[in-house]
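So the structure is just underneath, and the comments pick up after that.
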Amino acid sequence: MTRHILAALSLLAFATTAAAQSADQSARLDMLQAQIEALQKQVEALKADAAKAAPQWKGAPQWAGEDGFSFKPRGRLQLDSGYIGIPDGYAANRNLGFNSRVRRFNLGAEGTLPGGFGYKVETEFANASVAFEDVYLTYAPKGAAWGLKLGNQEVLPSLEQMTSSSHVSFMERAQMNDAFNASRRLGLVLGVHDKADTLRLDIGLFTAHSIDGSFDNDGWISSARAVYAPMVGGGRLHFGVNAQHRDFQSNDNGVASTSNGAPSTNQLARYRARPFLQNTDVRFVDTGSFAAHGDNLLGLEFAGIFKSLHFASEAQWVRVNAYRAGGIATGLDAFAGGSAVTPTSDPTFFSGYAELGYFLTGETRSYREGSWNRPKLAHPFNKGGWGAVQVVGRVDYVDLDSGALKNGATNNFATGVSSLAAANSRLARGGKQTGYLFGINWWPADYLRFIVNYIHTEVEGGPLAATAKPLSTAPVDQRKYSTDAVAVRAQVEF
């Protein structure tokens with residue numbers, strides 16, 4: 001009997017111990033499960049943080065945080081080679097013929113800051129020098145239909161000039177931008193637009209110089225550009241008008257050299273254009289420098305996109321506020337050497353172009369915020385397609401002739417005495433230039449582009465007409481000659 005009681009007690013003790021151990025193990029398992037779940041949450045949080053820290057790629061890495069900060073490096077490289085024919089009868093010129101150059105090598109960054117602020121900084125390394133491109137701050141309140149842009153920027157000159165050089169139809173912009181000296185200046189722009197990107201109005205006020213070593217600040221520019229871009233018939237139209245008033249800087253007590261353009265570092269205006277390429281510094285049309293207070297510019301824009309087809313046309317007129325013969329200029333307005341050419345009245349100049357383009361591979365030309373943008377590729381080269389292939393043609397005309405300038409005189413602004421130059425010298429000023437351009441653009445992948453351009457240029461008059469047509473008996477400003485050019489570009493941007 002005692003033996004049975006002891007056995008029962010032993011079994012009871014064993015069961016109690018086992019139950020205790022089982023409860024302890026269960027508690028341990030629950031604790032381990034809780035620890036595993038906590039670790040899993042930490043891993044998920046780390047993955048989420050890593051995803052936020054990892055850059056998004058859109059041609060280049062870009063970072064964006066929930067606090068309003070973002071950052072993206074940007075840049076472009078354009079490598080050009082081309083041949084510009086030497087006109088018949090024109091003496092050999094080492095700056096015509098075949099040439100290659102790094103057209104642009106840009107580096108910079110852009111991003112946003114909390115509170116609706118943003119920035120863009122870009123420098124250009126080309127021709128053994130460094131220059132500034134867009135360098136500005138922006139402010140656009142959330143949900144507002146207006147914004148501000150302060151810094152070095154385009155002065156609202158035209159559809160082509162407002163479009164990045166990476167996205168224009170040809171290797172170079174329309175010659176009106178070259179001839180009429182469109183470029184960036186330091187200033188402030190107020191922009192107003194609707195959410196549908198249909199209506200845009202920009203108004204700007206600028207100094208007469210960009211980021212440089214100049215301290216001459218009495219020149220200024222006011223400008224405005226309005227755009228209406230409605231959706232029509234499955235496509236889009238673009239109507240635009242732009243205007244500028246440019247008041248040139250004074251002559252800094254005559255300590256000035258010949259101006260390279262208007263607005264200039266002094267009150268010498270000059271309008272000229274290359275033969276549609278930057279592979280040469282030769283200009284077949286050139287007004288030469290002449291005395292001017294400033295000028296006024298008016299431009300019209302018209303364009304459209306309908307599936308793979310696009311067209312564009314622009315026209316610009318410039319009226320120059322010139323000095324008059326017999327005038328005397330003193331103080332800051334005094335001219336270097338005392339003398340400068342003065343027209344008989346205010347010269348006027350004109351330039352315009354029309355183009356037509358078509359994507360053979362089905363893409364559509366991209367449009368954004370009143371200017372052209374890069375196309376979206378339907379079948380990139382790396383995915384078995386051909387990328388995007390576009391053909392485009394253009395007629396581009398500039399008229400820099402002016403009877404007021406050709407009949408002008410060389411005026412001594414210290415004495416007011418003026419005298420006519422030789423007839424041929426006066427007739428050689430200005431000229432008319434017409435370009436017939438054909439291009440093929442190929443984007444094998446996003447942000448990569450190859451360009452081939454053929455250009456036939458016809459010139460009437462201008463500073464080289466006498467040497468290009470030395471045997472002609474016609475007046476210099478009526479002599480005609482032509483030349484042909486072929487050029488290619490390899491471009492990558494990010």
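Across the range 29-151, the relative contact order, built from alpha-carbon pairs under 8 Å that are at least six residues apart, equals 16 percent.
Consider all pairwise Cα distances in the range 88-162 and report the whole-number % of them above 16 Å. Counting pairs separated by more than 16 Å, the tail of P(r) holds 68 percent. Using a cutoff of 8 angstrom between alpha carbon atoms and counting only pairs six or more residues apart, the relative contact order for the range 403-494 works out to 27 percent. Every Cα-Cα pair of the range 74-123 was included, and the share exceeding 17 Å stands at 60 percent. Taking Cα centre as origin and charging only the Cβ of basic (Lys, Arg, +1) and acidic (Asp, Glu, -1) residues, the dipole magnitude of the chain rounds to 780 debye.
In what order, largest first, do ILE455, ILE86, ILE203 sit by accessible area if the probe radius is 1.4 Å? Each step should come with its number before you reach the end.
On the way: ILE455 0, ILE86 65, ILE203 90 Å².
Result of the area sort, largest leading: ILE203, ILE86, ILE455.
Where Lys and Arg each count +1 and Asp and Glu each count -1, what net charge lies around GLY431 among other residues with Cβ under 12 Å from its Cβ? Result for the neighbourhood of GLY431: +1.
For the range 297-342, which trypsin sites (Lys or Arg not before Pro) pass both filters: DSSP loop (anything but H, G, I, E, B) and at most 14 other C-beta atoms within 10 Å? Can you show the working numbers first?
Numbers: sites: LYS307, ARG319, ARG324; in loops: LYS307, ARG324.
Sites meeting the loop and neighbour criteria: LYS307.
Within the range 140-189, list the trypsin sites (Lys or Arg not before Pro) lying in a DSSP loop whose Cβ has at most 15 other Cβ atoms in a 10 Å radius. Spell out each step's value before the answer.
Numbers: sites: LYS142, LYS149, ARG173, ARG184, ARG185; in loops: LYS142, ARG173.
Those satisfying the criteria are LYS142.
Normalised per residue, the accessible area of the range 111-159 is 49 Å², obtained with a 1.4 Å probe and no contribution from ligands, DNA or RNA.
Compare ASP194, ASP401, ASP24 by solvent-accessible area with a 1.4 Å probe and give them largest first, with all protein chains kept in place.
Values: ASP194 50, ASP401 30, ASP24 70 Å².
Accessible-area ranking of ASP194, ASP401, ASP24, largest first: ASP24, ASP194, ASP401.
Residue-normalised convex hull volume from the C-alpha trace of the range 390-493: 143 Å³ per residue. What pairs in LYS58/LYS307; LYS307/LYS376; LYS406/LYS469; LYS47/LYS120 have C-alpha atoms more than 22 Å from each other? Among LYS58/LYS307; LYS307/LYS376; LYS406/LYS469; LYS47/LYS120, the Cα-Cα distance tops 22 Å for LYS58/LYS307; LYS47/LYS120. Largest to smallest in accessible area, the residues THR207, THR457 fall in the order THR207, THR457 (1.4 Å probe, all protein chains included).
Using only Cα atoms and rounding to the nearest 10 degrees, what angle (0 to 90) does helix 2-53 make with the longest principal axis of the chain? Tilt relative to the chain: about 0 degrees. Shape class for the chain, computed from the alpha carbon gyration tensor (a ≥ b ≥ c): prolate, with a/c not under 1.5 and a/b above b/c.
How about the range 162-241: which chymotrypsin sites (Phe, Trp or Tyr not before Pro) there lie in a loop by DSSP and see at most 15 other Cβ atoms within 10 Å?
PHE215
Hey, any idea what % of the chain's accessible area is carbon plus sulfur with a 1.4 Å probe? Show your work: numbers first, answer last.
Numbers: 14810 of 24070 Å².
Of all accessible area on the chain, carbon and sulfur atoms account for 62 percent.
Taking all Cα pairs closer than 8 Å and separated by 6 or more residues, the relative contact order of the chain comes to 13 percent. The helix-based estimate of mean residue ellipticity at 222 nm for the chain, built from -39,500 (n - 2.57) per DSSP H run of four or more residues and divided by its residue count, is -4500 deg cm²/dmol to the nearest 500.
The simple Förster model, with R0 at 45 Å and r as the Cβ-Cβ distance, assigns THR467 and ALA490 a FRET efficiency of 0.85.
The values are calculated or read from the model by the stated rules, or taken from the named source; none is laboratory data. None of these values were measured; they are calculated from a predicted model. With ideal geometry, Cβ positions are generated from the backbone for all residues, glycine too; neighbour counts draw on all protein chains shown. Side chains included, ligands, DNA and RNA excluded: accessible areas come from the protein's heavy atoms. Shrake-Rupley method; radii C 1.70, N 1.55, O 1.52, S 1.80 Å.
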